[in-house]
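The block underneath contains the structure these notes are about, expressed in structure tokens.
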Amino acid sequence: MIKAKGYAAQSSGSKLEPWEFDRRTIGTRDVLIQILFCGVCHTDLHMVNSDWGPGTFPMVPGHEIVGRIIETGKEVSKFKIGDHAGVGVMVDSCGTCPDCQAHQEQFCSVSPVQTYGSKGYDGLTTYGGYSNVIVVDEKFTHLISDKLNLAATAPLLCAGITTYSPLKKWKVGKGHQLAVVGLGGLGHMAVKFGIALGAEVTVLSTSETKREDAKALGAHHFVVTTDVEELATVKSKFDFILDTVSAKHDLNLYITLLKTDGVHICVGIPNEPFSLSPFSLPNGNKVVAGSGAGGLSETQEMLDFCAAHDIVSEIELIDIKEIHPAFDRMIKGHVRYRFVIDLSTLR
Ligand code: NAP
């Protein structure tokens, strides 16, 4: 086994504290990554608090991992020592089910092995990126271009792919009106991708204080959703709405902002069920869709797209000891726009 250290919650809702644990020994197709940076996704907070059901503890969160390859198994062909590499939301899958065959490993019907809080096919619990090293099968490890700023690339491994994937699936681009609901970690990446794909982008936010930021990110329009009059100006405007909101909100309200045949895509995962009026969808043939992360090949495609279009996340780099104030600011919607942990602060 390989000795690792990180920050873990020992039980549901408890504070993250320093913890030492074992990673598996490097297998023939594994790489050992020295973790340099890890993004702080709202999912980490949901998971630590068991918002979506009982979690596995101790829990080391973190699924926006970037670092440097420091050792390779004998059969590794994609990486050499010193390469920059990234790991996202999953570290294994069965490889043979229809979803795996269709490159949608995140939906593996046997069991996608999540980067943390999951049981691997080897029976070991997985621990995430709020730590110094990780051992991962090279298949689940992504190449990161030297062109990309490494710290600002970390959030692409989850916030990036989770917003890129639905925009590609629904072929969002030139001639489309796209609204992004919630300007946080996922939302600000959705704005960047929407613009790069040629859509006209409107940010729908609860925070007036983000108006200037939205403009600086390149958004064409900004609407404060709590301002009834301002909201009325975008009624029936959008072809697509990408909803990244992490807390309870009223879908019916947003659906009125779609054109006929418009699509509301949910990527945010609040911890309470949505409630839909029976009239919301038939009136205008509206569609409510969902999207979960993205497969391995699409994640690499997204990273390559980012390198080609000079896209990274807007980040606040933090010391790992600042994780709780960061969580608190995330709950208040104050993150600008993704916290990234500098793992050198762990050593
Ligand atoms: P985040 O950085 O905290 O951003 C969420 C944003 O939602 C906030 O900045 C805020 O934006 C808005 N918001 C918060 N509470 C709201 C409320 N009550 N009503 C309306 N808007 C509200 O979170 P994130 O990391 O982007 O994650 C967003 C959600 O996506 C989380 O639930 C996370 O678990 C989920 N997620 C899903 C996937 C997937 O595969 N589908 C992957 C990763 C994350 P404004 O201030 O602009 O209103």
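The values are calculated or read from the model by the stated rules, or taken from the named source; none is laboratory data. In this text, all values refer to a predicted model and were calculated from it rather than measured experimentally. No Cβ is skipped: glycine too gets one built from the backbone with ideal geometry, and neighbour counts run over all protein chains shown.
What the table shows:
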item	result
One residue from Asp239, Asp261, Asp227, Asp243 being over 19 Å from the mean Cα position of the chain (by Cα) and within 14 Å of the ligand (Cβ to nearest atom)	Asp227
Filtered residues of the stretch 294-347 (kept if in a loop (DSSP other than H, G, I, E, B) and not hydroxyl-bearing (Ser, Thr, Tyr))	Gly294, Gly295, Asp310, Ile311, Val312, Glu314, Lys332, Gly333, His334, Val335, Arg336, Arg347
Unmet criterion (only one of (1) within 16 Å of the ligand (Cβ to nearest atom); (2) within 19 Å of Val87 (Cα to Cα)) for Glu301	(1)
Conditions (1) modelled with pLDDT of 95 or more; (2) within 16 Å of the ligand (Cβ to nearest atom): number failed by Asn271	(1)
Exclusive hit being within 14 Å of the ligand (Cβ to nearest atom), in contact (Cβ under 8 Å) with a residue 24 or more places away in the chain and over 18 Å from His63 (Cβ atoms), set Ile331, Ile311	Ile331
Residues being within 13 Å of the ligand (Cβ to nearest atom) and either touching a Phe, Trp or Tyr at 6+ places or on another chain (Cβ under 9 Å) or over 11 Å from Ile241 (Cα atoms) (or both) - total across the stretch 168-181	3
Enumeration of residues in the stretch 189-213 that are within 25 Å of Glu301 (Cβ to Cβ), within 13 Å of the ligand (Cβ to nearest atom) and in contact with a Ser or Thr (Cβ under 7 Å, 6 or more places away or on another chain)	Met189, Ala190
Some residue of the stretch 70-88 being outside any helix (DSSP H, G or I), under 24 Å from Asn149 (Cα atoms), of a type in the set (Asp, Glu) and in contact with a strand residue (DSSP E or B) (Cβ under 7 Å, 6 or more places away or on another chain)	yes
Sole exception among (1) in contact with a Leu (Cβ under 7 Å, 6 or more places away or on another chain); (2) without any contact (Cβ under 8 Å) to a residue 40 or more places away in the chain; (3) not β-branched (Val, Ile, Thr) for Gly82, by number	(1)
Selection within the stretch 158-176 - under 21 Å from Lys237 (Cβ atoms) and either surrounded by fewer than 22 Cβ atoms within 10 Å (Cβ to Cβ) or aromatic (Phe, Trp, Tyr) (or both)	Trp170, Lys171, Gly173, Lys174, Gly175, His176
Selection from the stretch 1-16 of residues that are part of a strand (DSSP E or B) and under 23 Å from the mean Cα position of the chain (by Cα)	Gly6, Tyr7, Ala8, Ala9, Leu16
